[in-house]
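Take a look at the structure set out below.
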Amino acid sequence: MQRFRSFCAFLLALAAPAGPLLAREGVGQPVSAVKPAPAPWPEGIDGPYLVGTVAALEGDDDVAARAFRQAAQLAPGEPALLRRAFLYSALAGDDSAVALAGRLPGQALAELVMGNAAVRTAHWADAQAHYDRVRKDPLLATIRPLLTAWTLLGAGQGERALAELDPLVADRDLGGYYAVHAALIAQAAGRPEQAARYARTALATPAAGHDLFTVRALGHWLVGQGQRAQAERLVDGLLAGAPGLALSRQGILTAMNRAAPAAPCQGIAQAYAFLSGLVGQEVARMADPSGRLAHDGGLRDMRMMMLRFALGLDPAVGQARLMLSALQYEAGQAVAARDTLAGAVPDDPLGSVIQLQRARLDAATGRWDEANAALLRLTAAQPGQPRIWQTLGDLQSDRQDWQGAEASYSRAIAATGHLTGADWPLLFGRAAAYDRLDRWPQAQADLEHALTLAPDEVLLLNYLGYSLVQQGRDLPRAESLLRRAVALEPQNAAIRDSLGWALVRRGHVAEGVVMLERAAEQTPEDQAVNYHLGVAYQESGRLREAINQWHFAQGLPASDPADAGRISAALADAARSVHQVEPPVQAPSGQKKD
């Protein structure tokens with residue numbers, strides 16, 4: 001894999017904000033720093049230029065594309081605007097990218113767009129000519145032979161297509177993947193014996209079955225050889241490495257009864273999707289010690305471009321659709337992510353996974369009724385799938401339907417059977433529902449069970465520890481849990497607040513004040529934190545500062561309605577202890593001063 005990692009290192013440089021491949025306008029700048037168009041540009045261009053630049057900053061490629069196209073029309077001789085109009089049109093999957101690409105001959109992405117357009121219209125010589133113009137581009141080092149081979153097949157030159165791939169079948173890293181493509185090309189070219197040889201070669205490689213495309217292709221061949229059991233083992237191997245796809249196991253098995261995609265546009269689409277996924281996997285291994293990907297914005301754009309190419313050639317590539325939707329959601333474009341999934345074909349092998357993810361995006365974009373209806377349909381169709389019940393429970397929790405959430409999480413837990421470390425969110429979700437339903441013994445039991453599965457999960461440590469403090473139960477244990485949580489995430493203000501509150505309740509007021517003051521500095525608009533700090537000041541004999549803190553807290557939005565009552569009660573008690581209570585005239589002492 002060293003060869004491919006060197007390739008990825010090169011991509012890191014290409015995808016950097018200042019690099020030539022996908023330079024997103026204004027990366028690293030706040031929106032307020034965006035400047036108008038340069039003065040020599042035509043009058044009236046400032047509006048679309050600024051709209052496009054801000055939309056690009058926010059990851060809204062569709063709006064950026066429209067705005068930059070408008071700007072480019074106003075200044076048709078300005079190459080920078082033309083490049084931006086093309087780039088964002090391609091990222092948005094807009095058909096106008098093809099016409100714009102024609103004005104950028106020799107530019108790698110433009111040649112790919114024109115090559116793909118030629119493939120869609122079966123103009124094979126044109127497609128090959130465009131792909132050849134980017135033959136030396138490192139971006140295509142892995143998939144360029146596939147583009148060439150499938151284009152040759154489209155031109156009726158199956159023998160030349162196989163000759164392009166045959167030397168690569170022995171590649172130590174990716175030979176199995178090339179062999180799958182070669183098998184499909186051989187079958188389409190009427191060479192069943194060669195197809196069988198390539199299929200057996202692919203099955204013998206360690207990487208066999210690591211992606212849906214190869215599993216479907218090899219599974220179909222195995223079924224045709226009367227080896228359905230081996231085909232099912234191939235599917236189960238895929239799901240073991242990608243448990244998120246388990247919901248669609250039956251859909252994948254059913255799809256293996258149909259021939260795998262073997263038209264040139266379909267093969268090239270799979271190559272683009274494969275490159276996007278491969279780069280994502282390799283770059284994840286190259287993350288810095290904090291886990292942040294270097295130049296992650298540019299890399300995301302590059303991956304999105306490859307996925308747009310894939311779906312433009314074959315809208316039925318469900319895995320590419322899911323990948324693109326996930327990248328859009330990570331970029332803050334939940335509506336675009338949902339719309340991407342809405343384009344899935346009805347018989348997609350990953351249909352169940354797509355429906356589940358679309359329901360989540362429905363909820364994220366405020367379409368609660370649609371999300372609920374979709375999840376209920378899924379639970380009726382597959383009642384034994386815990387992920388569906390868990391998602392329904394999450395939706396019900398967001399809507400504060402605690403009885404419904406408790407029932408859904410219980411169904412998810414029952415369907416899971418033996419719980420492992422990855423299942424702690426099921427217990428946590430049900431515990432939160434029990435807590436809201438005033439069934440604390442059951443809530444505590446679930447939290448304790450979850451902690452045995454995930455002892456270092458700070459969300460569990462904080463929830464259980466803080467709940468014990470609020471109820472005045474086992475305060476030494478609560479402090480111990482919260483100290484552990486702080487040790488795991490020392491900069492987490494919510495956990496710092498919980499520990500400070502526990503210390504005050506245990507009588508360790510001086511240490512609690514320090515902890516709570518720091519939490520209030522980190523989250524100055526958190527009503528509960530400011531209330532806790534006021535109590536800490538009161539316990540320290542600093543009543544005037546406590547009153548000041550409570551007055552400040554009273555004007556903040558409440559995350560828990562009970563906090564407002566506690567603050568009013570605290571102020572009423574304090575009023576009986578002093579002759580006159582005046583509203584604060586300066587920021588409370590727990591906050592940083594300008």
Taking a crude spin-label model, label points 7 Å out from Cα along the C-beta direction, the V514 to D137 distance in nm is 5.9 nm
With the label point 7 Å along the Cα-to-beta-carbon line of R542 and a cut-off under 11 Å to each amide N, the hits in the range 482-509 are none
Farthest towards the positive end of the dipole of the chain, among L247, L57, A122 and with Cβ unit charges of +1 on Lys and Arg and -1 on Asp and Glu, lies the Cα of A122
In whole percent, the Cα-Cα distances of the range 78-234 spread across 5 Å bins from 0 upward as 2, 9, 16, 16, 16, 13, 11, 8, 5, 2, 1, 0, 0
Toy charge model, Lys and Arg Cβ at +1, Asp and Glu Cβ at -1: the range 41-104 dipole around Cα centroid in debye, rounded to 20, equals 240 debye
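Round to a whole number: what % of the accessible area of the chain belongs to carbon and sulfur, probe 1.4 Å?
On the way: 13770 of 26440 Å².
Carbon and sulfur atoms account for 52 percent of the accessible area of the chain.
Using the Kirkwood formula over every pair of different C-alpha atoms, what hydrodynamic radius in Å results for the range 477-577? Don't skip to the end; give the middle numbers.
Details: mean 1/r = 0.0745 Å⁻¹.
About 13.4 Å for the range 477-577.
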Tilt, helix 228-241 to longest principal axis of the chain (alpha-carbon atoms), in degrees rounded to tens, equals 40 degrees
Once both label points are put 7 Å beyond Cα along the C-beta direction, the R172-A558 separation in nm becomes 6.6 nm
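With the other protein chains left in place, how much accessible area per residue, in square angstrom, belongs to the chain at a 1.4 angstrom probe?
About 45 Å² of surface per residue is accessible.
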P(r) of the range 41-104 over all Cα-Cα pairs, 5 Å bins starting at 0, rounded to whole percent, reads 4, 23, 33, 24, 14, 3
Helix 475-488: inclination vs the chain longest Cα principal axis, degrees, rounded to 10, gives 40 degrees
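Charges only on Cβ, +1 for Lys and Arg, -1 for Asp and Glu: so what's the dipole of the range 434-578 about the Cα centre, in debye to the nearest 20?
On the way: 14 positive and 20 negative charges, 86 e Å.
Here the range 434-578 has a charge dipole of around 420 debye.
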With DSSP loop assignment and no more than 13 other C-beta atoms within 10 Å, the trypsin sites (Lys or Arg not before Pro) in the range 135-174 are R135, K136, R172
The rounded separation in angstrom of the Cα centers of the range 522-566 and the range 472-489 is 22 Å
Taking only the alpha-carbon atoms of the chain, the convex hull volume per residue, in cubic angstrom, is 180 Å³
About its Cα centre, the chain carries a charge dipole, from +1 on Lys and Arg Cβ atoms and -1 on Asp and Glu Cβ atoms, whose size in debye to the nearest 20 is 1140 debye
A student applying the Cα gyration tensor rule (rounded when a/c is under 1.5; otherwise prolate if a/b is larger than b/c, oblate if not) would label the range 78-147 prolate
In degrees rounded to 10, the 0-90 angle between helix 351-364 Cα long axis and the longest Cα principal axis of the chain is 40 degrees
A student asked for the Cα radius of gyration and Dmax of the range 125-182 in angstrom ought to give 11.2, 33
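Given the rule -39500 (n - 2.57) for each run of at least 4 DSSP H residues, summed and divided by the residues of the chain, what is its mean residue ellipticity at 222 nm, to the nearest 500 deg cm²/dmol?
Working: 31 runs with 401 residues, N = 594.
The helix-only estimate for the chain comes to -21500 deg cm²/dmol at 222 nm.
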Gyration tensor on Cα atoms of the range 454-520, a ≥ b ≥ c root eigenvalues, a/c under 1.5 rounded, else prolate if a/b beats b/c, else oblate, says oblate
With bins of 5 Å, the percent of all Cα-Cα pairs of the range 297-351 per bin from 0 is 4, 22, 31, 26, 12, 3, 1
Taking 0.36 nm per residue of separation between Q470 and Q73 and subtracting their Cα-Cα distance, the length gained on full extension comes to 136.6 nm
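The values are calculated or read from the model by the stated rules, or taken from the named source; none is laboratory data. It should be emphasised that the depicted structure is a prediction, and the values quoted were computed from it without experimental measurement. Every residue, glycine as well, gets a Cβ built from its backbone with ideal geometry; the counts of neighbours run over all protein chains shown. Side chains are part of the model used for accessible areas, which takes the heavy atoms of the whole protein and leaves out ligands, DNA and RNA. Shrake-Rupley method; radii C 1.70, N 1.55, O 1.52, S 1.80 Å.
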